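The values are calculated or read from the model by the stated rules, or taken from the named source; none is laboratory data. This structure is a prediction, so every number in the text was calculated from the model and none was measured. All Cβ positions, even for glycine, are placed from backbone atoms using ideal geometry, and neighbour counts span all protein chains on display.
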Ligand SMILES: Cc1ncc(COP(=O)(O)O)c(C=O)c1O
């Protein structure tokens, strides 16, 4: 059954009940294989790499939430990306947004290049510049909006229209927004990707990836790749994700309210040089983001002025944890240039604006006063006198 209101679909969408027993949660089918009643007589499942009922429930759920034809669950966001990029052939080229997750860059520059699948960094914020980058070998575009870590916004509808004019596949990494805040397929994309490790899981306790495709044709191709390459999500982790997704709406409402307050606080702070958050009316991506997403999301990056020492800032934080990742209920902070984006060569980092002073915040759902007090005391301590 499908539901128009996403708050309801998060809980009851896809396959939410175990038909055989009536259990209100789909059980963890912890099995690798399934009995066949005779040669070629399967009961819908044969082997858990090919299909597992718990994973299938998750896949049906994410397909419904993103408004796609089919969903696929993988062992990590990068496994999902690997499967999707495997739709390309050698000699093909993919255009990528100018700041994407460092692991995406590493996957293309260090793995897919072995198969002569090439990439070009393109300014997808600027549709005209993007169109100029489309050479005959370009077959796909991979967008992040907001992009990691500078929160730059790409007009997904405009890029999709241009891309489709040239026959390209439009892939959007929707990790930072989730279908609760933004639905790229409705804006024209062909495939949506997620590091479900982040908001969809929501509790920093599972590593997972999801992909949703718009058409039957893409679904058949991706199902073949998923089964042939095998990076599938195990049943227990599929269960954890289904459980996490049920509370996505309430978590994100609180996350976003906290993020808006934190962005305002940072913007008004005398120690802060720059703030990147598409929910701020002063942000350059604000208008486009407002057209395509419910709000500015949760992720913020910022720089302190030169007379503040970022090492002291990181070491002084008491509540906000210095760690890779994002999207959990707890507030996390990271230093993109040495952590999440270290695999991007320094000259490219500099060119796209990922400075050594950039700090990325994943605002959690703690009490906002506690979050702001922690930022304040760490900023105060980090001032070089
Ligand atoms: C935007 C984005 N895409 C993809 C990934 C990769 O996902 P995973 O770590 O689940 O492999 C990440 C991880 O941080 C990410 O932030």
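Tally up the residues in the range 23-76 that are assigned to a strand (DSSP E or B), in contact (Cβ under 8 Å) with a residue 60 or more places away in the chain and either out of contact with any strand residue (DSSP E or B) (no Cβ under 8 Å at 6 or more places or on another chain) or farther than 30 Å from residue 183 by Cβ (or both), please.
0
Take residue 163 and tell me if it is more than 27 Å from residue 339 (Cβ to Cβ), in a strand (DSSP E or B) and touching a strand residue (DSSP E or B) at 6+ places or on another chain (Cβ under 6 Å).
So residue 163 fails the test.
Quick check on the range 57-76: of everything there that is within 16 Å of the ligand (Cβ to nearest atom) and within 15 Å of residue 12 (Cα to Cα), which residue is farthest from the chain's Cα centre (by Cα)?
The residue in question is 58.
Among (1) out of contact with any strand residue (DSSP E or B) (no Cβ under 7 Å at 6 or more places or on another chain); (2) within 11 Å of the ligand (Cβ to nearest atom); (3) closer than 19 Å to residue 10 by Cβ, there is one condition residue 175 misses while meeting the rest; what is its number?
(1)
From the list 231, 209, which one is modelled with pLDDT of 95 or more and either within 27 Å of residue 292 (Cβ to Cβ) or more than 14 Å from the ligand (Cβ to nearest atom) (or both)?
It is 209.
Could you please find all residues in the range 207-254 being crowded, with 21+ Cβ neighbours inside 10 Å and not in a helix (DSSP H, G or I)?
208, 209, 210, 211, 212, 213, 214, 232, 233, listed by residue number.
Can you find, within the range 276-295, the residue that is surrounded by the fewest Cβ atoms within 10 Å (Cβ to Cβ) among those that are part of a loop (DSSP other than H, G, I, E, B) and in contact with a helix residue (DSSP H, G or I) (Cβ under 6 Å, 6 or more places away or on another chain)?
Here the answer is 294.
Going through the range 302-329 one residue at a time, which ones are in contact with a strand residue (DSSP E or B) (Cβ under 7 Å, 6 or more places away or on another chain), assigned to a loop (DSSP other than H, G, I, E, B) and within 16 Å of the ligand (Cβ to nearest atom)?
Result: 323, 324, 325, 326, 327.
Taking the residues in the range 156-172 that are closer than 26 Å to residue 275 by Cβ and crowded, with 24+ Cβ neighbours inside 10 Å as candidates, determine which candidate is nearest to the ligand (Cβ to nearest atom).
Once the filter is applied, the top-ranked residue is 172.
Which of the residues belonging to the range 343-360 are out of contact with any strand residue (DSSP E or B) (no Cβ under 6 Å at 6 or more places or on another chain) and either farther than 16 Å from residue 109 by Cα or not assigned by TED's automatic domain parsing to the domain that holds residue 308 (or both)?
Matches in the range 343-360: 350, 351, 352, 353, 354, 355, 356.
Is it true that residue 8 is modelled with pLDDT of 95 or more, away from the ligand (no atom under 16 Å from the Cβ) and farther than 30 Å from residue 114 by Cα?
The answer is yes for residue 8.
With the condition kept exactly as written, say whether any residue in the range 127-138 is under 23 Å from residue 177 (Cβ atoms), crowded, with 20+ Cβ neighbours inside 10 Å, within 12 Å of the ligand (Cβ to nearest atom) and assigned by TED's automatic domain parsing to the domain that holds residue 183.
So far as the range 127-138 goes, no, none of its residues is under 23 Å from residue 177 (Cβ atoms), crowded, with 20+ Cβ neighbours inside 10 Å, within 12 Å of the ligand (Cβ to nearest atom) and assigned by TED's automatic domain parsing to the domain that holds residue 183.
Among (1) in contact with a strand residue (DSSP E or B) (Cβ under 8 Å, 6 or more places away or on another chain); (2) surrounded by fewer than 16 Cβ atoms within 10 Å (Cβ to Cβ); (3) in a helix (DSSP H, G or I), which single condition is residue 273 missing?
(3)
So how many residues does the range 342-369 have that are exposed (fewer than 14 other Cβ atoms within 10 Å of the Cβ) and assigned to a helix (DSSP H, G or I)?
5
Filter the range 108-126 for residues that are surrounded by 13 or more Cβ atoms within 10 Å (Cβ to Cβ), in a helix (DSSP H, G or I) and within 22 Å of the chain's Cα centre (by Cα) and give the result.
If the condition is that a residue be surrounded by 13 or more Cβ atoms within 10 Å (Cβ to Cβ), in a helix (DSSP H, G or I) and within 22 Å of the chain's Cα centre (by Cα), then 108, 109, 111, 112 are the ones that fit.
Tell me the residue from 185, 181, 193, 200 that is under 17 Å from the mean Cα position of the chain (by Cα), crowded, with 20+ Cβ neighbours inside 10 Å, assigned by TED's automatic domain parsing to the domain that holds residue 12 and more than 16 Å from the ligand (Cβ to nearest atom), please.
185
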